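Student: Next up is a structure, given as structure tokens.
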Amino acid sequence: MEKTSWLDLAVIVIVVVFLNWAQNSWDSYSLTILRMVGINIILGLSMNLINGFTGQFSLGHAGFMAVGAYTVALLTMPVAVKQMNFFMVPQAPFLANIVWPFFPSMLMAGLMAAIFGLLIGIPVLRLRGDYLAIATLGFAEVIRVVIVNIKPITNGALGLKAIPTFSSLWWIWGTVIITILLMKRLVNSSYGTALKAITEDEVAAEAMGVNLFYHKLMSFTLSAFMAGIGGALLAGHLGTVDPSQFTFMLTFNILLIAVLGGLGSITGTVIAAAIVTVGSEWLRIVESPITLGALQIPGISGMRMVIFSFLLIIVIIYYQQGLMGRREISWKWIFSLFRRRSSEVKS
Amino acid sequence: MSLVEFFQHLANGISLGSLYALIAIGYTMVYGILRLINFAHGDIFMVAAYIAFYGILVFTLPWWLAFAVAIVLTALCGALIERSAYKPLRNSPRISLLISAIGVSFFLENLGLVVFGGRPKSFPRPELFTQAVDINGVTIQSLTFFIPAVTLVFLFVLVILIYRTKVGMAMRALAKDFETAKLMAINVDTIITLTFVVGSTLAAVGGIMWGLKFPQINPLMGIFPGLKCFIAAVLGGIGNITGAVIGGFILGILEIMLVAFFPALSGYRDAFAFIILILILLLRPTGIMGETVAEKV
């Protein structure tokens, strides 16, 4: 093993120790936030893979997440809970009696989302830039409308309740660690180089022998897979799914994470996911009434999203690179930092 | 379906189509010059409806004055958005501009939720627009005639503005070739802002008439009409004003007819427009009236 792999392992051990400590000594509210940070990291990375590393502006994440969330919900719910949920329209018989454990259901959720990604990607990836954005947004919306309308499978607008809440801290953060490692491998592989070439200049990349369509489709499908996993974990975390969760609003939040962290940076996304998740909880202060001496400021609900959208505009106008741009906090970078220090000391 | 019913649906489709057409023009003009999908356009339309609402009910203005004030303020709002959120990004990658537009759209929606409240408000309808008109047994609300009529008037003014004035010529020049237009001493900033003013004015007219036609307004009302009007603009051939009008009418009439002929599919009404969009983008990305533009490498 290389030296840096050992260091990676050390970081993972530290994270595990930290999670164990958090699990034992944090209150349940803080743990909920920690779980949401994990889910948002996965979703942010999924967004960053297609939008940042491949340069294809896709806004379909809410749709893929919906596919993942519904798949996991329908596969893991016990039969009695299913009967309770489907009191308006009876459930399709092929789904009514299946009960799967969480892990295979989660993989299936990712797989289903990936299949949707593949089927949507084949036609729309011929488009570029803002056309691609609006077409993927359109498909996400179509998925949502279809979910509302196929009542025997999805229970329509009522959604599904009492989904087993499997998404423990360990499931979520385990997935986060695996996702980050896989992303890192992918980005540094020859595929990653090809994807970066596509981001830089599609025509030049094609001239250098990069198969544009194949690479875009691979990135898009993988991104859909990750979004499906994220959606599954979200369903297992919240315990309910309904179509109104998966509007463009959700995609917007993920986009904010990816842009804030820097399109094309893994570590940036991780940091931004933490900032946005914790920040959105912290901003609840703005929405609750504040008493300053004699002055009473009534809480304004919805103020958080105003601040977030304002933040996105400010970031994109003044700090287009986001927090990290395309840089990474890598071992190489940290070593070079030390080396520079020590050489300065010598001279 | 009887013939009478058919004509009722057709009239309905035409008036919905006119609204789509008015809003689609704003998309197409901005896209023609900046190559930007102005996501905030649908929300500008919402702002107009709310200003008119408050003008009538809170400031007790007569309806025509309230509508005029709403149109002027909305046009200013459009210019303000362009200057603050789009102008600083003019030399940035187009995707940055698009993200900024998405940000503005969300900002307006959420600000609307905070300022106007999330509960739908009922838009006041002057009596002039609610009278029922009876033509050979087809009962139609007078509004259904006003909407296409007003649309035609504004389209006429727009055509004169675009094809008979210097400003219009400058807009067309910018849409054709940004760099050359600059060299011809066209003040790019002013013209772009004016484009937003024109687009927002039409969106405001559309928004007010939308409020009259569907008298329930809420801060998120702009999202779906906004997306659909963009689709109408793509359908007609983006960048082309005639195309936007044609696209708007086609989409409006098709949507009403779909629900009228296949009531079972009415749940899919909002998905329908997107399916059209996807088909258009795949089969004829330049739309009905659009020209193929060779890509510069």
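Student: Please enumerate the residues belonging to region A:251-289 that are among the hydrophobic types (A, V, I, L, M, F, W, C) and more than 19 Å from A:Leu49 (Cα to Cα).
Tutor: A:Ile275, A:Val278, A:Trp282, A:Leu283, A:Ile285, A:Val286
Student: Next up: Before we move on, is A:Ile143 under 23 Å from A:Leu238 (Cα atoms), surrounded by 18 or more Cβ atoms within 10 Å (Cβ to Cβ) and modelled with pLDDT of 90 or more?
Tutor: So A:Ile143 fits the description; yes.
Student: Go through region A:275-319 and give me each residue that's modelled with pLDDT under 75 and not aliphatic (A, V, I, L, M).
Tutor: A:Glu287, A:Ser288, A:Pro289, A:Thr291, A:Gly293, A:Gln296, A:Pro298, A:Gly299, A:Ser301, A:Gly302
Student: Would it be correct to say that A:Leu127 is farther than 22 Å from A:Ala96 by Cα, without any contact (Cβ under 8 Å) to a residue 24 or more places away in the chain, away from chain B (no Cβ under 14 Å) and out of contact with any strand residue (DSSP E or B) (no Cβ under 6 Å at 6 or more places or on another chain)?
Tutor: It is false that A:Leu127 is farther than 22 Å from A:Ala96 by Cα, without any contact (Cβ under 8 Å) to a residue 24 or more places away in the chain, away from chain B (no Cβ under 14 Å) and out of contact with any strand residue (DSSP E or B) (no Cβ under 6 Å at 6 or more places or on another chain).
Student: Residue by residue through region A:140-169, note down the ones that are over 15 Å from A:Thr76 (Cβ atoms), more than 7 Å from chain B (Cβ to nearest Cβ) and under 21 Å from the mean Cα position of the chain (by Cα).
Tutor: Residues satisfying the conditions are A:Ala140, A:Ile143, A:Arg144, A:Ile147, A:Leu169.
Student: Out of the residues in region B:107-136 that are among the hydrophobic types (A, V, I, L, M, F, W, C) and not in a helix (DSSP H, G or I), which is nearest to B:Gln216 (Cα to Cα)?
Tutor: My answer is B:Phe123.
Student: When you look at A:Leu119, is it modelled with pLDDT under 90 and within 14 Å of chain B (Cβ to nearest Cβ), yes or no?
Tutor: No.
This table checks each residue for (1) under 17 Å from the mean Cα position of the chain (by Cα); (2) under 20 Å from B:Ile241 (Cβ atoms); (3) not small (Gly, Ala, Ser).
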site: B:Val133; (1), (2), (3): no, no, yes
site: B:Val150; (1), (2), (3): yes, yes, yes
site: B:Val157; (1), (2), (3): yes, yes, yes
site: B:Met169; (1), (2), (3): no, yes, yes
site: B:Thr180; (1), (2), (3): no, no, yes
site: B:Val197; (1), (2), (3): yes, yes, yes
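Student: I need the full set of residues from region B:59-70 which are in a helix (DSSP H, G or I), surrounded by fewer than 21 Cβ atoms within 10 Å (Cβ to Cβ) and not aromatic (Phe, Trp, Tyr), in order please.
Tutor: Selection gives B:Leu65, B:Ala68, B:Val69.
Student: Let me ask another. Can you tell me which residue in region A:5-45 is surrounded by the fewest Cβ atoms within 10 Å (Cβ to Cβ), limited to those that are of a type outside the set (A, V, I, L, M, F, W, C) and in contact with a Ser or Thr (Cβ under 8 Å, 6 or more places away or on another chain)?
Tutor: Out of the qualifying residues, it is A:Arg35.
Per-residue answers, yes or no, for (1) surrounded by 15 or more Cβ atoms within 10 Å (Cβ to Cβ); (2) of a type in the set (Ser, Thr, Tyr); (3) out of contact with any Lys or Arg (no Cβ under 6 Å at 6 or more places or on another chain); (4) touching a residue at least 12 places away in the same chain (Cβ under 8 Å):
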| site | (1), (2), (3), (4) |
| --- | --- |
| A:Leu59 | yes, no, yes, yes |
| A:Phe87 | no, no, yes, no |
| A:Pro90 | no, no, yes, yes |
| A:Gly110 | yes, no, yes, yes |
| A:Ala133 | yes, no, yes, yes |
| A:Gly138 | yes, no, yes, no |
| A:Ile153 | yes, no, yes, yes |
| A:Leu160 | yes, no, yes, yes |
| A:Ile163 | yes, no, yes, yes |
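Student: Would you pick out the residues in region B:225-242 that are at the interface with another protein chain (Cβ under 10 Å from one of its Cβ atoms) and in a helix (DSSP H, G or I)?
Tutor: Selection gives B:Leu227, B:Phe230, B:Ile231, B:Val234.
Student: Does any residue of region A:65-80 turn out to be surrounded by fewer than 16 Cβ atoms within 10 Å (Cβ to Cβ), touching a helix residue (DSSP H, G or I) at 6+ places or on another chain (Cβ under 8 Å) and modelled with pLDDT under 90?
Tutor: Within region A:65-80 (the criterion being surrounded by fewer than 16 Cβ atoms within 10 Å (Cβ to Cβ), touching a helix residue (DSSP H, G or I) at 6+ places or on another chain (Cβ under 8 Å) and modelled with pLDDT under 90), the answer is yes, since at least one residue qualifies.
Student: When you go through (1) surrounded by fewer than 22 Cβ atoms within 10 Å (Cβ to Cβ); (2) among the aliphatic types (A, V, I, L, M); (3) modelled with pLDDT of 90 or more one by one for B:Ala24, which number turns out not to apply?
Tutor: Result: B:Ala24 passes all but (1).
Student: Given the residues B:Phe146, B:Phe156, B:Phe106, which is the only one that is touching a residue at least 24 places away in the same chain (Cβ under 8 Å) and either buried (at least 17 other Cβ atoms within 10 Å of the Cβ) or away from chain A (no Cβ under 11 Å) (or both)?
Tutor: B:Phe146
Student: Please list, ordered by first then second residue, the pairs with beta carbon atoms under 8 Å, 6 or more apart or interchain, first in region A:199-210 and within 18 Å of A:Leu127 (Cβ to Cβ), second of a type in the set (Phe, Trp, Tyr).
Tutor: So the pair list comes out as A:Thr199/A:Phe53.
Student: When residues of region A:86-99 are filtered for being part of a helix (DSSP H, G or I) and either touching a helix residue (DSSP H, G or I) at 6+ places or on another chain (Cβ under 8 Å) or β-branched (Val, Ile, Thr) (or both), how many remain?
Tutor: 2
Student: If you don't mind, another one. Condition first: within 9 Å of chain A (Cβ to nearest Cβ), in a helix (DSSP H, G or I) and not aliphatic (A, V, I, L, M). Now tell me which residues in region B:78-103 satisfy that.
Tutor: B:Ser84, B:Pro88, B:Arg94, B:Ser96, B:Ser100, B:Gly103
The values are calculated or read from the model by the stated rules, or taken from the named source; none is laboratory data. As the structure is a prediction and not an experimental result, all values here were calculated from the model. Glycine gets a Cβ as well: all are built from the backbone with ideal geometry, and neighbour counts include every protein chain shown.
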